[in-house]
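Peer 1: The structure under discussion is supplied below as structure tokens; questions concerning it will follow.
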Amino acid sequence: MKKNKKINIVGLSQKLGLSVSSVSRALNGYDNISQKTKDKIFKTAKKYNYFPDLNAKRLASKKIDTIAFISAIHPDAPDHVVLQFLAGITLGIKNTNTELITKFCLNEEEEMNYFKKLISTGQADKFIFYRIKKNDERVNFLNEKGIKFVTWGRTNKQKEHAWIDLDNRKSIEILINKLSNNGHERIAFINVHRSFNYGAQRKRAYENLINKLKLKFSKEYYQDSLIETVESGSAMANYLLSLKKPPTAIICSHLRFFTGCLLKCQDLKLEIGKDISVVGFNDQDSFLSSQNLTFISHPLMEMGKHSVKMLQDLDKGVPINKVSTLIEPILNEGTSDNIKKPKL
């Protein structure tokens, strides 16, 4: 079958019987073109092998129109949930001229240097990133440079930048209330390190609610770690369960801590939901999802997609406070929070 010869935007608009500006706006995702017209334009563009000349467009608009997603990762603890978020970003830039650069670094210094390289060489003009610190060097640097960006998570200066984040206070309240309603008074918390802002937010929510509900509390019941591995989760669970008065319920703030805690309980012959309750956060692990556990999750793909929309809104001049988005936690109800007569 003979392929249609590639045409330019003028030829495409003639085929459609539309103005060049209408075709251009549709291809660039503007809202003032109906979805029916957009569908017709994209179908015709595909039929006639039309692809916009991105380099020409960028030269004409003097815009790079490239999003960079950069993150430091621990080689022994790869963060698989980021792939779902990135899939959402990919969906967000579908049918637009926006390009995406993804880079994973082995440490924070390498990560910061890559931010600087992309800006100095003009390779990216927008950024999305995560694992946010309370006072984050990346946020400070991009604000100084006047670069548009969205953070997955908040800083202490959340009014000064656009962010998308889970409601960490509400998620902890949901889990503690469920455990308290099931008769638990000794509730421990295995958390991501409090130097990350979401770790600090969850710690604060945990302590506030324990006090509010007048539950039994020991400083030893709170544990956190910078090393987000299954082994670390298992070690913290082992410490908690070896206490003179161990907790009867444990909340795990990271899916690998969750896995480690469950494995340690298994080693100690503790039946989840009968001898001890274990709940937590899980966004990716299909094994955990199959174990009838109670956990909080994020709509990760939708969050990634929405982060692109936020950048588009910033480009249109929408104020930061109108763009930033707090995501409702999703409660997945299992039986791991159920307990009648604690063994511990």
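Peer 1: Would you grab the residues whose amide H sits under 5 Å from the one on SER324? Only those 5+ places off in sequence or on another chain, please, with H modelled 1.01 Å from N.
Peer 2: Here the answer is TRP163, since their amide H atoms fall under 5 Å of that of SER324.
Peer 1: Is the C-alpha gyration tensor of the range 109-152 telling us rounded, prolate or oblate? Criteria: a/c under 1.5 is rounded; beyond that, a/b larger than b/c is prolate, otherwise oblate. The partial results should precede the final answer.
Peer 2: On the way: a/c = 1.69, a/b = 1.40, b/c = 1.21.
Prolate shape, in that a/c is at least 1.5 and a/b is the bigger ratio.
Peer 1: Got a sec? What order do SER19, SER13 fall in by accessible area at 1.4 Å, biggest, i.e. largest, first?
Peer 2: On the way: SER19 55, SER13 5 Å².
The most accessible residue leads, giving SER19, SER13.
Peer 1: Work out, step by step, the length gained on full extension between HIS80 and LEU331: first 0.36 nm times the residue separation, then minus their alpha carbon distance; give nm to one decimal. Numbers along the way, then the final one.
Peer 2: Details: separation 251, 0.36 × 251 = 90.36 nm, distance 2.04 nm.
Length gained, HIS80 through LEU331: 88.3 nm.
Peer 1: Let me ask something additional. Shape verdict for the range 64-107, please, from the Cα gyration tensor: rounded (a/c under 1.5), prolate (a/b greater than b/c) or oblate.
Peer 2: Values: a/c = 5.33, a/b = 1.82, b/c = 2.93.
Here the range 64-107 falls in the oblate category.
Peer 1: Another question, then. Rounded, prolate or oblate, given the Cα gyration tensor of the chain, with a/c below 1.5 counting as rounded? Intermediate results must be reported in sequence, preceding the final value.
Peer 2: Numbers: a/c = 2.66, a/b = 2.18, b/c = 1.22.
The shape class here is prolate.
Peer 1: Name all residues of the range 151-186 having a backbone nitrogen under 14 Å from the label point set 7 Å from the Cα of LYS244 along its Cα→Cβ direction, giving them as ranges.
Peer 2: Label zone hits: none.
Peer 1: Oh, and also: Under a point spin-label approximation (7 Å from Cα along Cα-to-Cβ), what is the ILE147-ASN28 distance to one decimal in nm?
Peer 2: In this crude spin-label approximation the distance works out to 2.3 nm.
Peer 1: Another question about this same structure. So which of LYS212/LYS274; LYS212/LYS264; LYS103/LYS126 end up more than 19 Å apart, counting from Cα to Cα?
Peer 2: Working: LYS212/LYS274 26 Å; LYS212/LYS264 30 Å; LYS103/LYS126 14 Å.
Violating the 19 Å limit, Cα to Cα: LYS212/LYS274; LYS212/LYS264.
Peer 1: In what sequence, highest mean first, do 258-270, 235-247 appear when ranked by Cβ atoms within 10 angstrom? Please list the in-between numbers first.
Peer 2: Working: 258-270: 19.3, 235-247: 17.7.
Peptide ranking by packing, descending: 258-270, 235-247.
Peer 1: Assuming 0.36 nm per residue, please report the length gained on full extension of the stretch LYS103 to GLU137 beyond their Cα-Cα distance.
Peer 2: Numbers: separation 34, 0.36 × 34 = 12.24 nm, distance 1.76 nm.
Full-extension gain reported as 10.5 nm.
Peer 1: Right, another one. Counting only heavy atoms of the protein chains, get the accessible area per residue of the chain (1.4 Å probe) and round it to a whole Å² value. Spell out each step's value before the answer.
Peer 2: Working: 17790 Å² over 344 residues.
Averaged over the residues of the chain, the accessible area is 52 Å².
Peer 1: Oh, and also: Quick one: what are the phi-derived ³J(HN,Hα) couplings along the range 319-330, Karplus 6.51/-1.76/1.60 with θ = phi - 60°, whole Hz, x for glycine and proline?
Peer 2: Per residue, the Karplus-derived 3J(HN,Hα) values read x, 4, 5, 8, 8, 4, 9, 9, 8, 5, x, 9 Hz.
Peer 1: Determine ³J(HN,Hα), in whole Hz, for all residues of the range 220-232 in sequence, where each value follows from phi through the Karplus function 6.51 cos²θ - 1.76 cosθ + 1.60 and θ = phi - 60°; x replaces Gly and Pro.
Peer 2: 5, 6, 9, 9, 9, 7, 7, 8, 8, 10, 4, 4, 5
Peer 1: Right, next: Between GLU110 and LYS157, what FRET efficiency follows from the Cβ-Cβ distance if R0 is 22 Å, with the result rounded to 0.05?
Peer 2: Details: r = 24 Å, r/R0 = 1.09.
So, using R0 = 22 Å, E works out to roughly 0.35.
Peer 1: While we're looking at this one, here's another question. Nothing charged except the Cβ atoms of Lys and Arg (+1) and of Asp and Glu (-1): what's the magnitude of the dipole of the range 218-344 about its Cα centre? Round to the nearest 20 debye. Numbers along the way, then the final one.
Peer 2: Details: 14 positive and 15 negative charges, 91 e Å.
In total the dipole reaches around 440 debye.
Peer 1: Given a 1.4 Å probe and every protein chain left where it sits, what share in percent of the accessible area of the chain is carbon and sulfur?
Peer 2: Working: 8920 of 17790 Å².
That share works out to 50 percent.
Peer 1: Would you mind checking the pairs LYS15/LYS38; LYS133/LYS214; LYS94/LYS316 and listing those with alpha carbons more than 23 angstrom apart? Can you show the working numbers first?
Peer 2: Details: LYS15/LYS38 14 Å; LYS133/LYS214 30 Å; LYS94/LYS316 19 Å.
From LYS15/LYS38; LYS133/LYS214; LYS94/LYS316, over 23 Å: LYS133/LYS214.
The values are calculated or read from the model by the stated rules, or taken from the named source; none is laboratory data. Every value quoted in this text rests on a predicted model; they were computed, and no experiment measured them. Methodologically, a virtual Cβ is constructed for each residue, glycine included, from the backbone with ideal geometry; neighbour enumeration extends over all protein chains shown. All accessible areas refer to the heavy atoms of the entire protein, side chains included, with ligands and DNA or RNA removed. Shrake-Rupley method; radii C 1.70, N 1.55, O 1.52, S 1.80 Å.
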